[in-house]
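One structure is given here, and the rest of the page talks about it.
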Amino acid sequence: MEKQITFINSSTSLNLLRLLLGMFLIALVGVGVSVQAQESTPSNPDSLVVVVSTKNAIDTLDKKQLIDIFMGRFKSFPNGDFVTPIDYFAGSPQRKEFYELLVGKSERKINAYWSRLLFSGRATPPEKASSVPDIIQMMREDVNVLAYINASKVTKEMKIVYRFE
Amino acid sequence: MFIDLNKPKSSTVPLLLLASIFTCGLTVSNAKATEVSFSGFTNLSLTYAEHDKLAYRSSLQKNGREGLSFAPDSILGLQSNIEFNDKFDAVGQIILQDRDNTQFANYIELAFLRYQIDRHWSAKIGRFSTNSYLYTDYRNVGHLLNWVRPPVEMYSTAGALGSMDGLQASYIQDADFGAVKVALSYGQSNFIDDVEGGELTIDYSELAVLNIELQSTDWRFHAAFIRSTLDNFDTVGIDDVKNLEGNVPPLFSPFARELVGNIVPDGKVITYASVGGQYNVDSLELNAELFDYDSDWVLAGGSVGGYISAAYQLGNVKPYLTLATHNRRLAPEVIDYERAESLLPPVAFQQLVILSAESNEAVRGASYDQKSISAGVRWDFHEAWSFKVQFDHFRTSEFGSGLFGVQAGLLTPKEELSLNVLSLSFTTIF
């Protein structure tokens with residue numbers, strides 16, 4: 001019963017698709033290298049820093065670890081403690097600058113990215129803060145808060161774990 | 001659109017879980033440490049497809065439509081997320097859209113409880129996406145796609161196994177380029193659809209799914225493998241088919257056995273394999289996917305296909321172009337008529353053709369062999385809204401138009417056909 005059907009046009013188009021997919025995968029390998037290169041590019045210094053509570057065990061994070069957390073890949077710090085990342089509200093200058101510095105993406109693309117995670121059921125976006133006092137309050141209530149603020153706004157209750165330079 | 005709440009059948013567990021998630025969301029929102037959020041999305045799409053034989057539909061589970069219609073591509077999705085604590089959360093999602101069969105279970109896309117075991121491991125129970133393809137898990141959220149809909153050659157059939165009920169364990173590991181995520185799922189899926197005169201149901205039992213995803217900030221690569229055993233197939237007249245061998249002359253017995261074996265899939269094993277990737281560089285976005293579906297059940301026969309798509313961002317406007325194909329592997333016939341003709345006297349062969357005509361028409365109507373080219377433009381005219389216009393040109397092969405419906409009263413067309421579809425779509429998320 002199982003009879004193979006051959007359609008010359010269908011077969012040709014399928015081979016074309018396979019060829020294009022192969023080229024696409026080769027391009028993926030190439031882009032891995034270019035992403036690495038972009039991440040090492042120096043960016044705007046002394047603008048934003050990433051902070052945790054002084055009560056938090058974490059002393060430092062690297063950029064890759066920040067990307068893992070703020071892009072929803074991991075729900076915990078590298079030491080395994082749960083993390084509560086805090087975002088600024090949509091449209092704020094800090095949010096735009098932070099994601100440009102972190103992953104080189106516009107706020108629109110970040111919003112789309114988080115919507116994908118949300119509606120696929122993978123993760124929920126970070127909690128939003130509207131001001132530095134908001135962040136300070138959240139940090140007092142939750143030792144696992146991880147937030148970004150302007151360097152001049154860092155208080156004695158915070159320690160800087162990453163500085164964009 | 002009328003949703004039938006009276007026949008949950010075997011989807012009772014996800015139904016109850018979904019009800020719990022939404023009612024829990026409404027009742028415990030003030031509980032300390034429990035965070036609840038509601039969100040949603042909508043695609044308001046108008047399509048125009050005029051054809052004297054075919055009726056356009058974007059999914060096998062939808063009704064075929066002709067002329068101007070909002071039904072094929074308009075969708076409203078509602079979601080509730082509940083974070084009970086650092087370890088437990090739940091997600092429920094219902095999607096209201098055109099459906100052949102209006103049982104409420106057909107509208108539940110997600111209803112699961114998740115436990116974060118540690119930094120790398122997590123587990124789910126309930127109804128969740130099979131992630132069969134790159135966009136399966138958010139294929140209905142038009143605002144997150146360039147297209148009005150994902151290419152139908154790949155995604156029209158995705159709804160049959162788009163989500164599953166069961167358990168999933170997933171592991172994520174960071175990597176230089178981003179992260180690698182591996183998920184293994186086991187459970188079942190119950191497919192329910194309407195056919196002429198009644199319902200068609202089948203269970204995808206012993207459903208096992210392996211997903212591997214490589215994620216970077218600029219690209220994503222996805223591979224999936226699905227294996228399942230078909231069971232409990234039921235549809236109008238199936239008892240007559242099962243008893244066919246005892247009701248035909250002995251001369252036709254071997255062919256009756258062949259027909260029954262092809263129509264009744266219980267115990268048959270199917271597999272899906274797919275690979276796909278999305279790649280963004282500056283303003284250019286490339287998407288490509290391939291699938292290989294292995295099945296010898298003639299009502300959902302094996303096939304291979306895929307698509308490639310390119311889009312380019314120009315300010316708030318993004319034009320795109322897509323080429324797609326879906327090629328069947330099985331002949332669209334319920335028995336091997338060529339072999340039968342060689343074995344039977346001419347008169348007997350003609351009688352066999354007449355006896356099997358009805359079931360053969362069902363097979364032809366479920367055979368897919370087509371390709372398409374689509375061009376469109378997405379315009380993000382507002383922070384939360386986009387507008388798309390898309391033109392699709394489909395070409396179907398001989399008895400290969402099964403992804404679309406057939407105009408009332410017509411048999412599946414034998415000839416090669418082309419179908420043009422124009423779509424206008426507003427999308428948003430909230």
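The figures follow:
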{"read-out": "Some residue of segment B:360-379 being touching a helix residue (DSSP H, G or I) at 6+ places or on another chain (Cβ under 8 Å) and exposed (fewer than 15 other Cβ atoms within 10 Å of the Cβ)", "value": "no"}
{"read-out": "Checking A:Ser131 against (1) within 14 Å of chain B (Cβ to nearest Cβ); (2) free of Cβ contacts under 8 Å to residues at least 12 places away in the same chain, the condition it does not meet", "value": "(1)"}
{"read-out": "Matching option when the condition is part of a helix (DSSP H, G or I) and either over 21 Å from A:Tyr162 (Cβ atoms) or touching a helix residue (DSSP H, G or I) at 6+ places or on another chain (Cβ under 8 Å) (or both), among A:Tyr99, A:Tyr113", "value": "A:Tyr99"}
{"read-out": "Selection count, segment B:378-400, where residues are more than 14 Å from every other protein chain (Cβ to nearest Cβ) and closer than 25 Å to B:Thr157 by Cα", "value": "5"}
{"read-out": "Verdict on B:Asn85 being touching a helix residue (DSSP H, G or I) at 6+ places or on another chain (Cβ under 7 Å) and within 12 Å of another protein chain (Cβ to nearest Cβ)", "value": "no"}
{"read-out": "Members of segment B:263-279 that are over 18 Å from B:Gly365 (Cα atoms) and either more than 10 Å from chain A (Cβ to nearest Cβ) or hydrophobic (A, V, I, L, M, F, W, C) (or both)", "value": "B:Asp266, B:Gly267, B:Lys268, B:Val269, B:Ile270, B:Thr271, B:Tyr272, B:Ala273, B:Ser274, B:Val275"}
{"read-out": "Residue match in segment B:55-67 (condition: crowded, with 22+ Cβ neighbours inside 10 Å, in contact with a helix residue (DSSP H, G or I) (Cβ under 7 Å, 6 or more places away or on another chain), among the hydroxyl-bearing types (Ser, Thr, Tyr) and more than 20 Å from B:Val389 (Cα to Cα))", "value": "no"}
{"read-out": "Near pairs, Cβ below 6 angstrom, 6+ apart or cross-chain, from segment B:305-317 (within 11 Å of chain A (Cβ to nearest Cβ)) to any residue that is outside any strand (DSSP E or B) and surrounded by fewer than 17 Cβ atoms within 10 Å (Cβ to Cβ)", "value": "B:Gln313/B:Ser283"}
{"read-out": "Test: residue in segment B:179-189 that is of a type outside the set (Asp, Glu), in contact with a His (Cβ under 7 Å, 6 or more places away or on another chain), in contact (Cβ under 8 Å) with a residue 24 or more places away in the chain and under 24 Å from B:Tyr293 (Cα atoms)", "value": "no"}
{"read-out": "Members of segment B:335-344 found to be in a loop (DSSP other than H, G, I, E, B) and facing another protein chain (nearest Cβ under 9 Å), listed by number", "value": "B:Ile335, B:Asp336"}
{"read-out": "Only listed residue being surrounded by fewer than 17 Cβ atoms within 10 Å (Cβ to Cβ), within 13 Å of chain A (Cβ to nearest Cβ) and modelled with pLDDT of 95 or more, chosen from B:Asp292, B:Asp282", "value": "B:Asp292"}
{"read-out": "Output for segment A:99-128, where each listed residue is at positive phi and within 7 Å of chain B (Cβ to nearest Cβ)", "value": "A:Gly121"}
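The values are calculated or read from the model by the stated rules, or taken from the named source; none is laboratory data. All values reported here derive from a predicted model rather than from experimental measurement. Here Cβ is always computed from backbone atoms with ideal geometry, including for glycine, and neighbour counts include all displayed protein chains.
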